[in-house]
1. Among the lysines, select those whose C-alpha is under 26 Å from the C-alpha of Lys2, and discard any that sit fewer than 8 residues away in the same chain.
2. Give me Arg105, Arg83 ranked fewest to most by other Cβ atoms within 10 Å of their Cβ, as a rough exposure proxy.
3. Pull out a ≥ b ≥ c, the square roots of the eigenvalues of the alpha-carbon gyration tensor of the chain, then state rounded if a/c is under 1.5, prolate if not and a/b is larger than b/c, and oblate in the remaining case.
4. Could you give the dipole magnitude of the chain about its Cα centre, charging the beta-carbon of Lys and Arg +1 and that of Asp and Glu -1, in debye to the nearest 20?
5. Find which of Val27, Pro60, Ala124 sits farthest along the positive direction of the dipole of the chain, computed with +1 on the beta-carbon of Lys and Arg, -1 on that of Asp and Glu, about the Cα centre.
6. Could you calculate the FRET efficiency of Arg83 with Met1 from 1/(1 + (r/R0)^6), where r is the beta carbon distance between them and R0 is 22 Å, rounded to 0.05?
7. If R₀ is 41 angstrom, what is the calculated FRET efficiency for the pair Glu12 and Ala120, using the beta carbon separation as r and rounding to 0.05?
8. With the Cα gyration tensor of segment 51-122 giving a ≥ b ≥ c as the square roots of its eigenvalues, does the rule (a/c under 1.5 for rounded; else a/b larger than b/c for prolate; else oblate) give rounded, prolate or oblate?
Amino acid sequence: MKLAMLVNPFTERNLALAAQAGVEEVVLPYPGPGLEPLRAARRKVEAAGMRLTVLERKIPHRRLVHRLPGWEKELAGFQALLRDMADAGLQVACYNWMPAEDWQRTTCSSPERGGSLATAFDLAKDRPQRHRC
């Protein structure tokens, strides 16, 4: 088993902190289209002594999920992203097909074991709100 971590914001300081904590593999937030942003990120991660293996978050897919005009272009972009990831040595694309841009929550303070707090979603509540927890 290897310790991996989403480094966000993706800065040299946060990469150094991740390495100090024993992280071996880095999860990169989507840096935008094209091969060069992936290669540049890989160089930064390797300079910090870790491997870049996973890409996730904010991969454009709204039109594709809802089959809105332009969905074919987003599909082609996703296919190109997978090819670019392979060329840059990334092994995992972590994506979601949720209808909104990111996770939906109705609270950021749901009690859990040991007195900890967690995010939660309750469909019975009115409308979910964008929580920045």
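None of the figures in this text is laboratory data; all of them are computed from the coordinates on show. Since we're looking at a predicted model, the values are computed, not measured. Ideal geometry is used to build each Cβ from the backbone, glycine not excepted, and the neighbour counts take in all protein chains shown.
1. Output for Lys2: Lys44, Lys58.
2. By the 10 Å Cβ count, ascending, the order reads Arg83, Arg105.
3. In terms of gyration-tensor shape, oblate.
4. The calculated dipole for the chain is roughly 220 debye.
5. Ala124
6. 0.15
7. According to the calculation, E is roughly 0.75.
8. Oblate shape, in that a/c is at least 1.5 and b/c is the bigger or equal ratio.
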